[in-house]
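Beneath this line is the structure, given in structure tokens, with notes to follow.
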Amino acid sequence: MNRPASRTAPEAPATPSTRRPRRGFAVVASAFAFVAVAGCSSQSPLQTLVPYQPADGVAASSGPIEARDLLIVAAAKGDPGYLSGSLINTGIDTIQVAFASQEAAASNQSAGKVQLKPREQLRIETITIPNVAVAPGALTNIVMTTPTGQVMVAVPVLAPTEGSPYASLTPTDTPTPSSSTTLPVGTKTTAG
């Protein structure tokens, strides 16, 4: 008798039991990728939680006086510089604020003074620092004096380059402020 030729068994179709190792690998790989990506962000703070100055100048405060966007505009080291920024009196009393370079403050000299009524916001426009100690692009110290005390502030010095918002700012000899706004009592300011 003749025997039929042996046949090779056809390959069995993939069943759930043969696919499980692939699914398991995919699940493990996905979990590993998720942990790896999450680990990267755990070491980096959210940028929305990092405080920053949304202006060219810097902020300072002394008691009820809030200073915003303080900077000096000067053409070169040793030249007179124009102090720019704004002040807010959040208190209920009239307050006088004086500014001076660090060197001038040491000898009780002032570059200029402004007076703020209660709840008044004032743009500083004409206070001149007679001799700026650093070149544009660097920081210099100024002293802000209020009845609460003195605060030293490191402010940037910017050049009045053509096309910049500071191109028209030039130092003057008259420390006269302008552009004031009186805020209603109870108004909370969020100037930045």
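The values are calculated or read from the model by the stated rules, or taken from the named source; none is laboratory data. Only a predicted model underlies this, so the values are computations on that prediction, with no experimental measurement involved. Positions of Cβ are generated from backbone atoms using ideal geometry, with glycine treated the same way; all protein chains shown enter the neighbour counts. Note: accessible area is taken over every heavy atom of the protein model, side chains too, but ligands, DNA and RNA are not part of it. Shrake-Rupley method; radii C 1.70, N 1.55, O 1.52, S 1.80 Å.
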Within the stretch 99-121, can one find any residue that is among the acidic types (Asp, Glu), more than 20 Å from LEU169 (Cβ to Cβ), out of contact with any helix residue (DSSP H, G or I) (no Cβ under 8 Å at 6 or more places or on another chain) and in a loop (DSSP other than H, G, I, E, B)?
no
Enumeration of residues in the stretch 126-140 that are open to solvent by 30 Å² or more (accessible area, probe 1.4 Å) and more than 26 Å from THR94 (Cα to Cα)
PRO130, ASN131, ALA133, VAL134, ALA135, PRO136, GLY137, ALA138, LEU139
Could you run through the stretch 136-192 and say how many residues are at pLDDT below 50, more than 16 Å from ALA74 (Cβ to Cβ), part of a loop (DSSP other than H, G, I, E, B) and hydroxyl-bearing (Ser, Thr, Tyr)?
5
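Please work out which residue is nearest to VAL153 (Cα to Cα), limiting yourself to the stretch 88-98 and to residues that are touching a strand residue (DSSP E or B) at 6+ places or on another chain (Cβ under 9 Å) and assigned to a loop (DSSP other than H, G, I, E, B).
Initially, the stretch 88-98 is screened for residues touching a strand residue (DSSP E or B) at 6+ places or on another chain (Cβ under 9 Å), giving 88-91, 94-98.
Next, only the ones that are assigned to a loop (DSSP other than H, G, I, E, B) stay: 90-91, 94.
Numbers: THR90: 20, GLY91: 21, THR94: 23 Å.
Top of the filtered list is THR90.
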Which one of the conditions (1) open to solvent by less than 10 Å² (accessible area, probe 1.4 Å); (2) out of contact with any Phe, Trp or Tyr (no Cβ under 8 Å at 6 or more places or on another chain); (3) over 19 Å from ALA159 (Cα atoms); (4) not small (Gly, Ala, Ser) does GLU103 fail to meet, given that it meets all the rest?
(1)
Every residue from the stretch 65-87 that is open to solvent by less than 20 Å² (accessible area, probe 1.4 Å) and assigned to a loop (DSSP other than H, G, I, E, B):
ALA74
